[in-house]
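Inspection log for the structure reproduced underneath, given as structure tokens.
The values are calculated or read from the model by the stated rules, or taken from the named source; none is laboratory data. These figures come from a predicted structure and were not determined experimentally. All Cβ positions, even for glycine, are placed from backbone atoms using ideal geometry, and neighbour counts span all protein chains on display. Ligands, DNA and RNA are stripped out before the accessible areas are found, and what is left, the full protein with its side chains, is counted by its heavy atoms. Shrake-Rupley method; radii C 1.70, N 1.55, O 1.52, S 1.80 Å.
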Amino acid sequence: MFLTIKALESNCPTVKCSHDGPDIRFPFRVAGRQPQHCGQPGFDLVCKENTTMIDFPSYGPLVVKSISYDFRKLSLLDPQNCVHEVFLNLNPSGTPFQYYYLLKNFTYLNCSTRLSPSLNEVSCLSDSRNHVYTVESSFHMPFSCRQLKTIPIPFSYSPYLADNSFGLGLTWSLPGCEDCESRGGGSCVFQSKEGLKTGCPSIAQDKGFAIVNLLSSGTGSMILIILVFIFVMISIKVYFRQKLKVDEEAENENLL
């Protein structure tokens, strides 16, 4: 007998900031609308004017475009429409997230004059006196430029990739929750309301069944007691049947 008990899920309903917004559930939560045990620290989202947003201390708020729980991908939009300003200032190391895409080191230069037309100027970071470029780390820096920062980012600036979302994909990892949904284990949750350990509520077994996972101290304990009682009764019944069979065989041997 295999059961899946999802008592905690009833206390952590999925919410949305708008009709077409992403589903918000563990490890994410909306403060004030979902209990604290419904999300992990650092995964708090905010509903602002029907828009789902996440705030990063090193940068500020970004719009949450979508959340893929299967692939653990958080797709973001920059409300300022300047992805490279996000790359330049966002520090994922201080958050539970990492970039979803492969990264490569690029250097941001701020130049007093325009460089060769073969180099693309980051228009949203530049003005008439400051011309910002992203270049390979090995690039020879002209005298008219100063280095702003060398950081690993998904791609250098290109006017063809200059929208407010390309490359703004983050991912996350929680111990015990690797590929919960893709393996048929359900949504990742805290194993208790104390939030000490995360894990899959159930893991798919052969033939598509799920193992027993007791997530509540009330209903789960009662079901466990009932199952133990049934197991004991069946064991006693089997024991007496076997004993009766042995006694009958011994009696027949005595008669012979």
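Quick one: accessible area per residue over region 28-162, 1.4 Å probe, rounded to a whole number of Å²?
56 Å²
For C47, what is the net charge nearby, where nearby means another residue's Cβ is under 15 Å from its Cβ and Lys, Arg count +1, Asp, Glu -1?
My count for the surroundings of C47 gives +1.
I need the GluC sites (Glu not before Pro) found in region 39-143, filtered to DSSP loop residues with at most 13 other beta carbons within 10 Å of theirs.
Those that pass, being in a loop and sparsely packed, are E49.
Just check region 35-162 against the gyration tensor rule for me: Cα atoms, a ≥ b ≥ c as the square roots of the eigenvalues, rounded for a/c under 1.5, and otherwise prolate or oblate depending on whether a/b exceeds b/c.
Because a/c hits 1.5 or more and a/b exceeds b/c, region 35-162 counts as prolate.
Too long at a 23 Å Cα-Cα cut-off: which of K73/K149; K104/K149; K48/K104; K16/K104?
K73/K149; K48/K104; K16/K104
Using a 1.4 angstrom probe on heavy atoms only, work out the carbon and sulfur share of the accessible area of region 40-93 in %.
Roughly 47 percent, rounded to a whole number.
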